[in-house]
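Below: the structure, in structure tokens.
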Amino acid sequence: MAAEKKKTEKKAAEKKTAKKVVATVAKAAKTPVKKGKKKTEGDYSVEINVPRGGQVIQNFNLVPAFPTATGAGDWIFSEPGSTTDITGLTVRFQLNPSALERTFERAILVVSMQQNPATNGTWRFALDGVATADGDCDPDNDIVVEVIDNGFTLLIYVQVLENSEEMIPFQFVASFTDAVTGAVSIYQSQDPTIYPKRP
């Protein structure tokens with residue numbers, strides 16, 4: 001009788017342990033995978049995966065900076081809630097969608113201009129919000145930009161209509177209006193690079 005009771009208790013304990021393991025595995029499967037991977041010091045990239053025939057909207061923040069004697073200044077392009085500067089952004093599309101799916105597939109990147117009270121002025125996106133190294137760096141016309149919200153928000157539409165991979169060096173362009181003098185100056189960042197690709 002005692003032996004049977006011990007066996008029953010042992011089986012119940014094993015079932016309880018198995019349930020805990022299953023619950024732990026299920027919880028881990030539900031945990032979202034972080035999009036960005038830190039490659040090397042100072043190099044942080046984010047990957048956005050566009051579902052077949054679908055769209056993705058991703059938000060980012062941009063903190064501009066004044067140029068220094070050695071360069072364009074340290075502009076911070078980051079995900080909301082983070083201060084880690086993104087240097088590369090990959091937008092990946094699925095292979096072999098139908099012609100109709102290709103038409104609707106896109107990623108919409110919403111970049112919000114962040115103000116620094118210490119600068120005593122206002123930053124806004126200017127001159128279409130971006131500049132590229134040369135006029136032919138996006139031959140497939142995969143990227144379209146639009147400045148909205150009185151210059152405080154930049155929309156970047158990314159599509160890949162062909163099976164291709166591009167590397168598009170992207171520089172943000174912003175104006176700074178001095179709060180005291182009213183003088184307006186235009187500045188340009190040094191990164192990030194956008195990689196639209198299929199697959």
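The values are calculated or read from the model by the stated rules, or taken from the named source; none is laboratory data. The structure presented is a predicted model; accordingly, all values stated were derived computationally and were not measured. Because the Cβ atoms are built from the backbone with ideal geometry, glycine has one as well, and the counts that use them run over all protein chains shown. With ligands, DNA and RNA removed, areas are computed over all heavy atoms of the protein, side chains included. Shrake-Rupley method; radii C 1.70, N 1.55, O 1.52, S 1.80 Å.
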(request) Alpha carbons only, please: Rg and Dmax for the range 133-197, in angstrom. (result) 14.9, 51
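Restrict the search to the range 162-197; then list the GluC sites (Glu not before Pro) that DSSP places in a loop and that have at most 14 other Cβ atoms within 10 Å of their Cβ.
Listed in order of number, the matching sites are Glu162.
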(message) Under a crude label model (7 Å from the Cα following the beta-carbon direction), how far is Val63 from Asp85 in nanometres?
(response) 1.1
(request) List the pair-distance distribution P(r) of the range 64-199, using every Cα-Cα distance, as the percent of pairs falling in each 10 Å bin from 0 up to the bin containing the longest distance, rounded to whole percents. (result) 11, 39, 31, 14, 4, 0
(message) Positive end of the dipole of the range 58-199, charges at C-beta (+1 Lys, Arg; -1 Asp, Glu), about the Cα centre: which of Leu161, Asn61, Gln190 has its Cα farthest in that direction?
(response) Asn61
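Full-extension gain between Phe104 and Asp43, please, as 0.36 nm times their residue separation minus the C-alpha to C-alpha distance.
Between Phe104 and Asp43, full extension yields 18.8 nm more.
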(request) Leaving ligands, DNA and RNA out of it, report the carbon-plus-sulfur percent of the accessible area of the range 82-168 at a 1.4 Å probe. (result) 49
